[in-house]
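Taking it in order: structure first as structure tokens, then the write-up.
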Amino acid sequence: MINTKSISFKLGLSFLLLTIIIEILLFSILYFSLVNMRVNEEIRSLINRGNSHRDVLEKHFNDETIKHVALMESEADTKVIVQAKNGEILGISHPLDSVMKEHLFINKSHVKKNGTVIHTDWRNENYISTISPIIINHSTKGYVYMFLKTESIQRLILRLKVIFLITMMVTFLITLIAILYLSGRLTRPLIKM
């Protein structure tokens, strides 16, 4: 039985609690930093992809180029919609669902030339989405919408959570064993004094 009044127990418990607090703090900071970095990378990538399509369409705004843009996205994880300024859909890479249709009717007065993020709520929404205006001769001709299903991000975050939980458990066990061993070794000379 463990003597809870012994100095080695008290010293070991103090070190264990301090170490657990530090580990939880560090793992939490690292986890949330990695999640935010990864989500921001996905959003930046989606904006860049939309801007790339927009750039091509600004140079060649015709049916053939619009079909080509839609075809390029038809085999990707992302979805694209090319919409005329009047709201007419000029090209799509995948069939529209109700959530995608909702995004088409946003207020476009705040849309920036370099693209704007429409939705970033990867925890609760089906898509993260962006919009890039097609501007030819200082006049907006249409918009390129990009969509990425959030389930890919959610799967990535779930894998990251599992890795962090396993790492935390292993770290805790190693720390516990080390503290039990070291507290006994460190306090033995003190007790003999």
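The values are calculated or read from the model by the stated rules, or taken from the named source; none is laboratory data. Quick caveat: nothing in here was measured; it's all calculated off a predicted structure. Glycine also receives a Cβ, built like all others from the backbone with ideal geometry; neighbour counts cover every protein chain displayed. Calculation scope for accessible area: heavy atoms of the full protein, side chains included, ligands and nucleic acids excluded. Shrake-Rupley method; radii C 1.70, N 1.55, O 1.52, S 1.80 Å.
Details
- Pair list, Cβ < 7 Å and 6+ apart or interchain, from the stretch 90-106 residues that are open to solvent by less than 50 Å² (accessible area, probe 1.4 Å) to residues that are part of a helix (DSSP H, G or I) and of a type in the set (S, T, N, Q): S93/S74; H94/S74
- Hits in the stretch 107-123 - residues which are within 19 Å of the chain's Cα centre (by Cα), surrounded by 11 or more Cβ atoms within 10 Å (Cβ to Cβ) and not hydrophobic (A, V, I, L, M, F, W, C): G115, T116, H119, T120
- Annotation: of all residues in the stretch 19-39 being of a type in the set (V, I, T) and under 8 Å from the mean Cα position of the chain (by Cα), the one that is nearest to I157 (Cα to Cα) is V35.
- Condition met for I66 (at negative phi and either assigned to a helix (DSSP H, G or I) or at pLDDT below 90 (or both)): yes
- Qualifying positions in the stretch 67-99 - in contact with a Phe, Trp or Tyr (Cβ under 8 Å, 6 or more places away or on another chain) and closer than 20 Å to N48 by Cβ: T78, K79, V80, I81, V82, Q83
- V99, sole failed condition from (1) under 18 Å from E41 (Cα atoms); (2) in a helix (DSSP H, G or I); (3) modelled with pLDDT under 90: (1)
Residues checked against (1) of a type in the set (S, T, N, Q); (2) in contact (Cβ under 8 Å) with a residue 12 or more places away in the chain; (3) open to solvent by 80 Å² or more (accessible area, probe 1.4 Å):
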{"residue": "T130", "(1), (2), (3)": "yes, yes, no"}
{"residue": "I135", "(1), (2), (3)": "no, yes, no"}
{"residue": "S139", "(1), (2), (3)": "yes, no, no"}
{"residue": "Y145", "(1), (2), (3)": "no, yes, no"}
{"residue": "R155", "(1), (2), (3)": "no, no, yes"}
{"residue": "I163", "(1), (2), (3)": "no, no, yes"}
{"residue": "I166", "(1), (2), (3)": "no, no, yes"}
{"residue": "T171", "(1), (2), (3)": "yes, yes, no"}
{"residue": "G184", "(1), (2), (3)": "no, yes, no"}
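- Only one of the numbered conditions (1) within 24 Å of the chain's Cα centre (by Cα); (2) assigned to a loop (DSSP other than H, G, I, E, B); (3) modelled with pLDDT under 90 is violated by G87, and that is (1).
- Filtered residues of the stretch 69-84 (kept if outside any helix (DSSP H, G or I) and modelled with pLDDT of 90 or more): T78, K79, V80, I81, V82, Q83, A84
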